[in-house]
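Participant: Pasting a structure below so you can have a look.
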Amino acid sequence: MDYADRTPRSRALNEQFQRWMPGGDTRSITWFAPYPAVIDHGAGNELIDADGRSYIDLLNNYTALVHGHAHPLIVQAIAEQAARGTVFPAPHAGQAALAAELARRVPSVERVRFTNSGSEAVMQAIKAARAFTGRPLLVKAKGGYHGSWDQVPLVAGEAGQGTPTELEALVRMVPYNDLDALEALLAAEVGRVAAVLLEPVMGEGVIAADADYLHGVRELTEAHGVLMVLDEVVTFRLATGGRQQVVGVSPDLTTFGKIIGGGLPVGAVGGSERVMSVFDPSRPHHLHHSGTFNGNAVTAAAGMVSLQLLTAAEIERIDGLAAALASGLRDAMAANGLTGQVTRCGSLLHLHFDVEAEPRAFADLALDSPTLERMHLACMEEGLFIAPRGLMNTSTAMNDAVVAEAAERFARAAASVARAGRTTVA
């Protein structure tokens, strides 16, 4: 019995949904052939689809649900705040409390502005950098994902339809983990670059930047009067102070999202008082930034509980779970003759098939791997929910037994793919 045979209700619902939403969903990244499973509900580390099938959730809404689904304390905080009001046309104490908690955890953050997504947070960070420096250009790494707005495509020329070439001309791209390339670019564009935007761990592939690279970026940006913007939307789960705490680097601006909202829509940009003052509406010619649901009361309440629950001890525990899972994945791949790699940084993991060496940059990824496509469906058939591209992560809702079960299910999926005789054998 294959995936389509196991999920007839999801198939029927997808066909129905397509009457109202292009492709049947409202997020491009969640689609895969023949159709995605339609989820009915989630609890802890488990997802239940419309056909009543259960999955161990190794995706956690693309890393956002660090405490899994429907954590009782987060649900309680949401309910209590909703009963008092969801959103107000004025400041409230919940906003300030969440901002203060971010500043407490991240020394580089002295002031915070809230948005409703990581995409918006990055957008505001770049606008702030341009306003502060008076310069037009943005530099980013090839393959770096920073949301779904025009000036942050994965690679050059991939902004796609609807993006004027004039906007693409404002972006320069460099290879990830290549300090010499960045140095050469900044030398060639003296006085024109506002910001260098980087993920400390590239989400496409879970490729960690070398600590020396990030420190070198910090030195180069300071030398050229350029702001360093660190995108910690995904990586803030890797330490109480984010990945920047681990590598010991202090950017000018940091973007946040995902776990700081407790499962609700959220984003934030934070940084030094000097740079963030461009947003201060009491100042003449300030950078206008508004949004109906920015820092709404329910998200602030849920986010505060989410951060309080994510202690250093819990981070260490879920990192250990991810290490055990990565080991199980590697063993299963080797036992079934599958050529590939598993990259891991903390609680983040990524599968790579049809590659001999561990990826170090976007160019090293085998994004069109047919083995990965087959493995994804095999995992779905075995009750493992992972990203079609191979991304996984652990949550505090998991324990050793859950991880051991996930590894066993992956081993069965790997054996299924290998038996089909459609893989690259090492």
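The values are calculated or read from the model by the stated rules, or taken from the named source; none is laboratory data. Computed from a prediction, not measured in an experiment: that's the story for all the values here. A quick note on method: Cβ atoms are made from the backbone with ideal geometry, for glycine too, and the neighbour counts reach across all protein chains shown. Keep in mind that these areas ignore ligands, DNA and RNA; they rest on the heavy atoms of the full protein, side chains included. Shrake-Rupley method; radii C 1.70, N 1.55, O 1.52, S 1.80 Å.
Participant: Name the pairs whose Cβ atoms lie under 8 Å apart, with the first residue in region 266-287 and without any contact (Cβ under 8 Å) to a residue 60 or more places away in the chain, the second of a type in the set (D, E, K, R), and 6 or more positions between them or separate chains?
Facilitator: His286/Asp280
Participant: Something else about it: Where residues in region 211-229 are in contact (Cβ under 8 Å) with a residue 40 or more places away in the chain and of a type in the set (A, V, I, L, M, F, W, C), which of them is surrounded by the fewest Cβ atoms within 10 Å (Cβ to Cβ)?
Facilitator: Residue satisfying both the conditions and the ranking: Leu220.
Participant: Listed residues Thr115, Thr163; which is at pLDDT 95 or above and of a type outside the set (A, V, I, L, M)?
Facilitator: Thr115
Participant: Hey, Leu58 hits all of (1) in contact with a helix residue (DSSP H, G or I) (Cβ under 8 Å, 6 or more places away or on another chain); (2) open to solvent by 70 Å² or more (accessible area, probe 1.4 Å); (3) under 24 Å from Ala404 (Cα atoms) but one; which does it fall short on?
Facilitator: The number of the failed condition is (2).
Participant: Could you identify the single residue in Val66, Val38, Val75 that is more than 25 Å from Ala407 (Cβ to Cβ) and open to solvent by less than 30 Å² (accessible area, probe 1.4 Å)?
Facilitator: Numbers: Val66 fails: more than 25 Å from Ala407 (Cβ to Cβ); Val75 fails: open to solvent by less than 30 Å² (accessible area, probe 1.4 Å).
After ruling out the rest, the residue left standing is Val38.
A quick yes/no check of all residues on (1) buried (at least 19 other Cβ atoms within 10 Å of the Cβ); (2) out of contact with any Phe, Trp or Tyr (no Cβ under 6 Å at 6 or more places or on another chain); (3) within 27 Å of Glu204 (Cβ to Cβ); (4) basic (Lys, Arg):
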{"site": "Thr254", "(1), (2), (3), (4)": "yes, yes, yes, no"}
{"site": "Ile260", "(1), (2), (3), (4)": "yes, yes, yes, no"}
{"site": "Glu273", "(1), (2), (3), (4)": "no, yes, no, no"}
{"site": "Ala301", "(1), (2), (3), (4)": "yes, yes, no, no"}
{"site": "Gly346", "(1), (2), (3), (4)": "yes, yes, yes, no"}
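Participant: Still on this model: Taking the condition surrounded by fewer than 16 Cβ atoms within 10 Å (Cβ to Cβ), farther than 23 Å from Arg389 by Cα and either basic (Lys, Arg) or in contact with a Ser or Thr (Cβ under 6 Å, 6 or more places away or on another chain) (or both), does Arg27 pass?
Facilitator: no
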